[in-house]
Each structure stands twice: as C-alpha cells, then as structure tokens.
Amino acid sequence: QPSFEAEFSEIILCKNELHETLNNLSRWMKDEYVDKNTATRWDSAFIRKDPYGVVLIIAPWNYPINLLLGPLIGAIAAGNCVVVKPSEVTKNIERLVAEALPSYLDKDCFAVVTAGVQETTRLLENKFDYIFFTGTSRSPSVGRIIMTAAAKHLTPVTLELGGKNPCYVSDTCDVQNVARRVAWGRFFNAGQTCIAPDYVLCSLEMQEKLLLALSKTVTDFYGSNPQKSPDFGRIVGEKHFQRLQELLCSGQVVIGGQTDEKERYIAPTVLADVHPSDPIMQEEIFGPILPIVPVANMDEAIDFINSRERPLVVYVFSSNDKVVNQVLERTSSGGFCGNDTLMHVTLTSLPFGGIGSSGLGMYHGKFTFNTFTHHRGCLHRNMGLEALNALRYPPYSQQKLGVVWAASEVKRKGACTLL
Amino acid sequence: QPSFEAYFTEILLCKNELNDTLNNLSHWMKDEHVDKNLVTQLDSAFIRKDPYGVVLIIAPWNYPIHLFLVPLIGAIAAGNCVVIKPSETTKNTERLVAEMLSCYLDNDCFAVVTASVQETTRLLENKFDYIFFTGTSRSPSVGRIIMTAAAKHLTPVTLELGGKNPCYVSDTCDVQNVARRVAWGRFFNAGQTCIAPDYVLCSLEMQEKLMPALREAITEFFGSNPRESPDFGRIIGDKQFRRIRALLCSGRVAIGGQTDEKERYIAPTVLADVLPCDPAMQEEIFGPILPIVVVANMDEAIDFINARPRPLAIYAFSCDSKVVNQVLERTSSGGFCGNDTLMHVTLTSLPFGGIGNSGLGKYHGKFTFDTFSHHRGCLHRNMGLEALNALRYPPYTQQKLGLLTATFEIKRKGMCTLL
C-alpha cells in the first residue's frame with residue numbers, strides 16, 4: 001500500500017475514531033435516564049451501559065491496523081477484555097501487533113492470538129461474550145461459519161462482510177468528476193477495499209464518455225505507466241493475484257489489463273461491455289479492475305441491483321438529486337453514497353455495516369461503543385410507597401383494573417391515523 | 001390466566017406499545033441528519049431507516065398475544081413484511097391469530113404459519129431477513145437452534161430467552177412490602193413469566209422474617225385456599241405440570257405445596273433452605289414455586305449470581321440504595337429492578353432483552369422499531385466542487401497529506417486522560 005494511503009486509512013481515520021471516543025466517552029458511558037409513567041414517577045429509570053465481557057476481534061489483511069484498532073477502541077471504551085486475532089496474511093503487521101500490544105495493554109485483560117484458518121476454527125470453539133469479525137472477499141461463507149460457531153454459545157456478533165458494490169452513473173453528470181471519484185475509490189489500495197465500487201452500471205452512451213474520462217484520470221493519477229508510480233499498490237498475495245488475473249477475460253479490456261506476477265502488479269484496468277454472466281460478475285472483485293455493465297436506464301439499473309445480494313454500499317452519480325434519491329429509496333444496502341465513493345465511512349457520525357450477505361451489525365464512532373455494550377434497562381423503586389402498588393395485587397376487581405390502566409397507560413396523541 | 005392479568009399484560013401493555021409507536025413513528029422514521037466534518041460540510045449526511053424485508057416472529061405460549069403483537073407492531077412500523085408463528089401450545093390463541101390477522105392485514109405482506117416443533121424446524125430452513133424469537137423455559141437450547149438456522153443465511157436475530165432470575169433480599173428492608181412485591185412477581189400467571197423472580201437469596205435471619213410475610217401476602221392475594229381464588233392461574237399443560245411438580249422435592253415446603261393434576265393446579269409455594277444442588281435450582285422454574293437459598297451476606301449473594309449464567313433480570317431489595325447499586329454494579333443481566341419485580345418491563349422507554357444465555361438483542365418502544373430497521377449510513381455529495389477532492393487524489397505529496405489531515409482530522413478536546 002502506498003504510504004499516503006496507509007497514512008490516511010490506517011492512521012488518520014484511526015486517530016479520528018480514538019479522539020471521537022476520548023472526547024465523548026464520559027457522556028456515552030453515563031446512565032441514560034428515560035421517560036417514566038405515572039406509576040413510576042418517583043422512581044429512577046435508566047439505561048446502564050454494561051460491558052459484555054470477553055470480546056474476540058478478528059481483523060482482515062486489507063487495512064490490518066484500522067480494522068483491528070477501530071473495533072478495539074470501542075471494545076475497550078465499553079469496558080471489555082479483548083482477544084485480538086490479526087490477519088495471518090499480513091505477517092509483518094501480525095508480528096507487530098503480537099509484540100507491541102502487550103507492551104501497552106494489561107496482559108490480564110488483553111491478548112493477541114496469531115492463528116491460521118484451522119487454528120481460528122479451534123479458537124472459535126471457545127465461548128466469547130461478543131465476536132466482531134471483519135472479512136475480505138468470499139467473506140459471506142466465512143461469516144456463516146463464524147455465526148454458526150457463535151450460535152453454540154448464543155454469542156452476539158457483528159459481521160462486516162462484503163459484496164459487489166454497484167455504482168450507477170446516470171446520463172446527467174459531470175463525467176470527468178465522476179471518473180476521478182470512481183477511479184479513486186476503485187484503485188485505492190489496488191482495489192482491496194470492502195467498500196470499493198465493484199462495477200459500474202450506465203447507458204452505452206455514458207460508457208463511451210466514461211471510458212475517455214477514466215483513461216485520462218488513470219494517467220493523471222499514476223502517469224503513463226502505472227507500474228512505475230509510487231502511488232499505486234500491489235496485490236497482497238499470489239493466490240489473490242491469480243484469482244484476479246482470471247477475471248480479466250470478461251467484456252473487453254479498454255484501459256490497463258497488464259499484469260506482472262513477480263510484483264503482483266495488476267494495472268488499473270477498466271473492462272467495457274461486461275455481461276452479467278462474465279466471470280468478473282460472479283464474485284467480489286477486490287482488485288484494481290472496474291467492469292462496466294451497460295443498462296438501458298435507471299429502472300434497469302435498480303432492477304439489476306435488486307436482483308442480487310444486498311451489497312455493503314450502493315453508489316449513484318447524478319447531477320439530478322431525484323435520481324440519487326430514487327436509487328437510495330428503491331434499493332437496500334449497508335450504506336449509501338451519492339456522487340462520490342468511500343467517503344461516507346470517513347464520518348464517525350454515520351453507522352457503518354452491512355445487510356443480508358454483506359453483514360450484520362454496525363460500528364464507527366458511538367456505534368462501536370454501543371456495539372460492545374449491553375444496554376441494561378434498570379428501574380430502582382422506593383422500598384415504601386406501597387399504597388401505589390396495592391392496585392395491582394389480587395384480589396382483582398374491575399375498579400382496580402380501571403385505576404391500574406389509568407396509571408400506566410400511554411395515551412394516543414391526536415386522532416389522525418396518517419403519520 | 002385470570003382475566004385481570006390477561007387484561008393487563010395482553011391488552012394494556014400492548015396498547016401502550018401501539019400508542020407509543022403511533023405517537024412517535026413519524027419522528028423515528030425520519031432520516032437522522034448527523035454531524036459532518038470539514039470536508040463534508042456542504043453535503044447531506046444522514047441515517048436512513050430501511051426495513052429488513054421479511055421478518056419471522058415466533059411467539060411463546062405464556063403471554064401469547066403480547067409476545068407476538070408487540071414485536072409485530074415494531075416490525076410493521078419499520079416497514080417489513082411479517083410471517084408470524086404463534087405458539088402451538090395455546091391452541092385457542094393460535095386459531096384466533098390465524099383466522100383474524102388475515103382479515104386485518106394485507107395478505108400479500110403478512111402471513112400466519114401454524115406449526116409444531118418439527119414444522120418450525122423446516123420453516124427455519126427458509127431465508128428470512130430477520131428472525132425474532134421469544135422462548136419459554138429451556139429456551140437457551142432452542143435459541144441455539146434458531147441462531148444456527150439463522151447463521152446459514154446470515155440472518156440477524158433477536159432472541160428473548162430465559163434464565164433463573166435471582167432476587168436478593170438484604171437484611172435492611174420492609175419485609176411485608178418485599179413479600180408482597182416478590183409474591184406478586186412470582187405468582188402472576190402462576191409463575192409462567194420469563195422475568196419472574198426465580199429464587200430468593202437472603203440471610204437465614206431474613207428467611208425467618210420473610211416466611212410469615214409471604215404467608216400473609218399469599219393469603220391477602222388468594223385467600224386461605226388459593227385453589228378457590230379466581231385470581232390465581234393454572235399451569236399451561238400436563239408436561240409442564242409434571243415438570244414443576246417434580247421440583248417440589250427441594251429444601252422443605254414452608255408454604256403451599258399442594259397440587260391437583262386434573263386442574264393442573266400448583267399452590268403458591270415457598271420452599272425454604274433450598275440448596276444449590278436441589279432440583280429447583282437446576283432449571284428455570286416457570287411455575288408458582290419460590291425457593292429461598294440462604295446466603296451469608298450480599299457478597300456471597302453476588303458471588304452466587306455471578307457463578308451462574310447471566311439471567312434476564314436481577315432483583316435486589318434493600319432500603320439501602322448502596323446495596324441496590326452494589327448488586328447492579330457487580331452483576332450482569334438483561335435488565336434490573338431494585339425494590340420491585342416485573343415493573344421495569346412496563347416502561348416502553350427501557351430496552352428489554354437478555355445477555356448471554358438469557359438472550360440477544362432488545363425491544364419495547366423505540367427499541368422495537370430500531371430492532372426491525374436497518375440503519376443505513378448515507379452521504380449525498382455535490383457533483384461539482386471538485387477542487388475540494390483534489391487533495392486526496394494521486395499523485396501523492398507530503399503537502400497534500402498535511403492538508404488532508406487538517407481537513408479530515410477530529411481533534412482531541414482537552415488534555416486530561418482521566419474521564
């Protein structure tokens with residue numbers, strides 16, 4: 001990963017989560033006092049934020065620091081002990097985490113486990129009080145394995161998985177701006193981002209314009225030979241490189257397409273006229289290849305999106321707000337961004353999570369704290385004032401029922417049934 | 001169930017949930033606009049409340065209307081389609097729901113499925129977008145089955161299970177008030193309540209004092225022969241009757257203990273000097289039997305509670321607020337009530353749910369709506385204003401990084417690390 005990208009995604013964004021938490025934790029932690037009814041008027045009713053206990057955080061290899069620290073910050077803030085399992089794929093980070101973390105965190109409460117796939121399976125046989133898993137490509141099946149393991153202990157889970165994030169580009173837009181924003185999202189970290197735009201849906205007309213604009217953008221970003229640019233990443237490993245290389249025989253290669261196995265380099269690539277049945281449309285790409293699938297219009301784009309698994313994010317580009325809102329309204333996804341890519345997850349005030357195959361649960365900012373806390377409904381009543389309770393005790397009578405009703409009912413405000 | 005009790009739990013509490021929802025839904029449904037950073041100042045950032053899709057609600061037999069209707073209200077409010085599976089144990093209610101609901105709700109969006117255990121297992125093989133399950137006694141194991149089935153489709157779940165809810169009675173209390181409140185919670189619906197106080201922990205002294213107070217409370221409530229009282233319920237079925245009767249050989253029967261198999265009547269019963277290894281302490285009682293387990297002091301009571309699976313509710317009775325707070329502070333449970341029983345769940349403003357074996361997720365009031373809605377983080381940016389984005393594009397430079405950091409970062413407010 002180019003150091004600028006690492007600085008941004010692994011350090012700045014983590015620091016933001018940390019500061020956000022430190023700035024607000026005393027407030028988040030407090031007992032939240034809630035509305036009471038007539039019967040409980042003299043009582044103390046509040047929500048207590050309790051930790052779950054021992055939390056397991058499993059991090060992936062694409063943003064190995066951010067996706068480990070982000071949840072860890074929230075888990076600690078909520079008062080839990082944590083077992084961290086960094087990715088075994090990024091060996092240097094794995095070693096760094098295993099060696100450095102115990103120097104900073106109390107060993108009785110925090111531990112790092114280094115484990116391969118088989119060992120992780122055995123780790124999951126243990127009972128944890130919460131499991132937080134972030135996967136990379138092919139993660140829905142891994143997500144199922146994690147949740148099934150969690151089910152044996154009734155352990156609540158957050159699963160940050162993935163999917164094919166569609167990117168609809170309408171005919172009314174500033175093509176050059178769109179090209180830059182989409183290219184940035186697709187090629188950042190050589191495409192190895194769970195929220196990267198996975199494929200573009202647009203009209204044939206727009207495809208023509210976009211291809212020109214994308215070609216210019218790739219050159220603006222990485223020069224005429226991206227392999228020489230210090231700002232373009234590489235694929236994490238052999239297996240992934242080979243997988244990606246095979247996806248190139250989809251549609252036609254209009255930009256890029258070059259690969260170099262030694263460097264695990266795949267050029268920033270755009271494929272045109274891709275068909276839904278092509279190899280590249282069968283799995284999450286997780287690499288620097290952008291397929292364009294032509295559709296007739298917005299309605300066809302929406303149908304296309306809705307006939308597939310719900311993705312982690314849906315992207316729409318249009319100068320016409322109505323178009324953006326239509327796509328938002330008529331689709332379902334973890335998150336959504338109009339007229340840009342990736343940016344919605346840089347706001348700690350927005351929940352980040354999937355739906356359906358793309359995941360379960362949400363985090364970032366206060367949502368991470370809430371993920372790792374049990375919201376315990378508490379009522380503290382008076383030992384005296386027994387007369388108030390007499391109404392509810394047997395022997396029952398119609399009169400008592402009437403008064404109990406009056407003391408605890410929530411009245412309907414207004415008569416209108418239209419909201 | 002005596003009709004007063006049915007009115008209160010099945011009708012009044014449901015109406016409250018309904019009115020609370022109708023009163024507030026337009027406000028809950030709205031897009032929630034969130035704080036933005038410098039970069040996104042001119043954008044629209046909000047949380048959109050989307051439905052999940054098709055929700056499955058499985059209800060138990062103890063409060064057969066309330067426990068399907070309240071989740072149903074929230075599921076509909078959040079815009080979902082719903083499949084309801086009422087309990088096959090309460091045949092009349094099952095038939096009522098199956099026949100009536102289709103007259104009131106759109107048959108294309110709502111369905112009732114009547115199913116036994118085997119059929120429910122097959123029902124669960126289908127893919128649902130959310131599963132909401134409320135169980136009765138022995139529900140942790142059923143909960144595991146449900147969650148495992150859900151895991152196959154990565155379906156999020158809420159599991160309202162059960163447990164043995166401890167009730168600590170300190171030496172400083174108004175014994176007669178305590179006796180009434182505990183008896184009310186234990187004997188309501190003949191003990192068939194997931195949040196009923198399951199067993200009492202107190203000193204030997206307090207057990208001596210509680211006994212006559214409980215005897216008096218029972219007589220006040222149900223007369224000298226509770227079997228003749230119209231205000232005391234019966235056990236749901238033969239199997240449960242026999243199961244509960246078998247628990248009577250624990251400790252010694254100090255109050256009640258009479259049974260009548262024909263009526264499925266078990267007298268309001270209090271067992272004294274019960275030992276942790278006794279039958280009544282091995283499973284959730286779910287019947288009108290209250291065991292008292294003697295402990296030396298509060299610390300021993302807390303250790304006793306913490307040595308066992310986390311329950312749905314913890315009750316603590318003391319005139320000394322510090323004692324109540326200590327128990328709250330040093331234990332973990334779904335919910336908590338000081339100086340009363342059951343009452344915390346009558347407030348729609350408090351979240352209701354378990355932790356560990358007692359469950360996963362929460363509902364009531366707004367929490368039901370939140371349970372059934374997907375909180376979708378949305379960012380809607382401007383198609384223009386591209387200059388603002390230029391900082392993040394390659395080619396990367398140290399200067400760009402500096403500016404990017406300045407525009408994205410969240411600063412730490414204040415220096416103090418103590419919260």
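The values are calculated or read from the model by the stated rules, or taken from the named source; none is laboratory data. Fair warning: this is a prediction, and the values are worked out from it, not measured in the lab. Ideal geometry is used to build each Cβ from the backbone, glycine not excepted, and the neighbour counts take in all protein chains shown. Surface areas here come from the heavy atoms of the whole protein model, side chains and all, with no ligands, DNA or RNA. Shrake-Rupley method; radii C 1.70, N 1.55, O 1.52, S 1.80 Å.
The packing ranking of peptides B:258-267, A:126-135, highest mean first, is A:126-135, B:258-267, where packing means the average number of other beta carbon atoms within 10 angstrom of each residue.
Between segment B:242-314 and segment B:162-210, the C-alpha centres lie 10 angstrom from each other.
In terms of overall dimensions, segment A:235-290 has a Cα radius of gyration and Dmax of 10.5, 31 angstrom. Applying both filters, DSSP loop and at most 12 other Cβ atoms within 10 Å, to the chymotrypsin sites (Phe, Trp or Tyr not before Pro) of segment A:2-64 gives A:W42. The shape of segment B:1-133 comes out prolate: with a ≥ b ≥ c from the C-alpha gyration tensor, a/c is at least 1.5 and a/b beats b/c.
Between B:C103, B:C319, B:C14, the Gaussian network model of chain B with springs among Cα atoms under 10 angstrom shows the greatest mean-square fluctuation at B:C103.
Here the calculated FRET efficiency for B:L275 and B:V117, from their Cβ-Cβ distance with R0 = 25 Å, stands at 0.15, rounded to the nearest 0.05. In chain A, the DSSP beta bridges split such that about 35 percent are antiparallel, to the nearest 5. Take each residue in A:396-402, count the other chain C-beta atoms within 10 Å of its C-beta, and the mean is 3.
Largest first, the three principal axis extents of the alpha carbons in segment A:166-350 are 46, 37, 31 Å in whole numbers. If a spin label sat at a point 7 angstrom from the Cα of B:N126 along the line to its beta carbon, the backbone N atoms of segment B:37-57 nearer than 14 Å would be those of B:53-57.
Legend: mean number of C-beta atoms from other chains within 10 angstrom of residue C-beta atoms, peptide A:337-343, equals 6. Students often get this wrong, so check it: of A:K36/B:K30; A:K36/A:K127; B:K15/B:K85; A:K49/B:K322; A:K152/B:K127, which have C-alpha atoms separated by over 28 Å? The pairs that break the limit, which is 28 Å between Cα atoms, are A:K36/A:K127. At q = 0.16, 0.19, 0.21 Å⁻¹, what log₁₀ I(q)/I(0) does a Debye calculation on the Cα points of segment A:150-234 give, no solvent, two decimals? The Debye formula, applied to the Cα set alone, gives -0.69, -0.88, -1.02. Each residue of segment B:196-236 gets 89 Å³ once the volume of the Cα convex hull is shared out per residue.
Taking 20 °C and 1.002 mPa s as conditions, segment A:209-315 diffuses translationally at an estimated 143 µm²/s according to Stokes-Einstein applied to its Kirkwood radius (Cα pairs). Within the full protein context, the accessible area of B:I11 is estimated at about 70 Å² for a probe radius of 1.4 Å.
Peptide packing for A:369-376, A:210-217, B:241-248 was compared via the average number of neighbouring C-beta atoms within 10 Å per residue; ordered from the highest value, the list is A:369-376, A:210-217, B:241-248. Considering only beta bridges that DSSP places wholly inside segment B:166-354, some 25 percent are antiparallel. Averaged over peptide B:178-187, the number of partner chain Cβ atoms lying within 10 Å of each residue's Cβ comes to 2. Rg/Rh for the protein assembly as shown (Cα atoms only, Rh after Kirkwood) is 1.02. Heavy-atom accessible area with a 1.4 Å probe sorts B:S224, A:S3, A:S87, largest first, into B:S224, A:S3, A:S87. Cross-link partners of A:K91 among lysines, defined as those whose alpha carbon lies under 16 angstrom from its own and excluding same-chain residues fewer than eight positions apart: A:K239.
Taking K and R as +1 and D and E as -1, what net charge do the other residues with C-beta under 9 Å from the C-beta of A:G354 add up to?
Numbers: positive: A:R310; negative: A:E160.
Surrounding charge for A:G354 is 0.
Estimated purely from DSSP H runs of n ≥ 4, each contributing -39500 (n - 2.57), the mean residue ellipticity at 222 nm for the protein assembly as shown is -10500 deg cm²/dmol once divided by its residues. Among the protein heavy atoms, those of A:I235 account for about 0 Å² of accessible surface (1.4 Å probe, every chain in place).
Counting charges near A:I305 (Lys, Arg +1; Asp, Glu -1) among other residues having Cβ under 15 Å from its Cβ returns a value of -3.
For the protein assembly as shown, the solvent-accessible area works out to 39 Å² per residue, with a probe of 1.4 Å and every protein chain left in place. Summarised in one figure, the compactness ratio Rg/Rh of segment A:339-419, Cα atoms and Kirkwood Rh, is 1.26. For segment A:166-350, the share of accessible area belonging to carbon and sulfur comes to 49 percent (1.4 Å probe, ligands and nucleic acids excluded). A probe of 1.4 angstrom, applied to the heavy atoms of all protein chains, finds A:F188 with accessible area near 10 square angstrom. P(r) for chain B, from all Cα pairs and a bin width of 10 Å, is 4, 19, 26, 21, 14, 8, 4, 2, 0 %, short bins first. Mean projected area of the Cα convex hull of segment B:296-355, taken over all directions, amounts to 4.2 nm². Once you reduce segment B:70-99 and segment B:369-412 to the center of their Cα atoms, the two points are 44 Å from each other.
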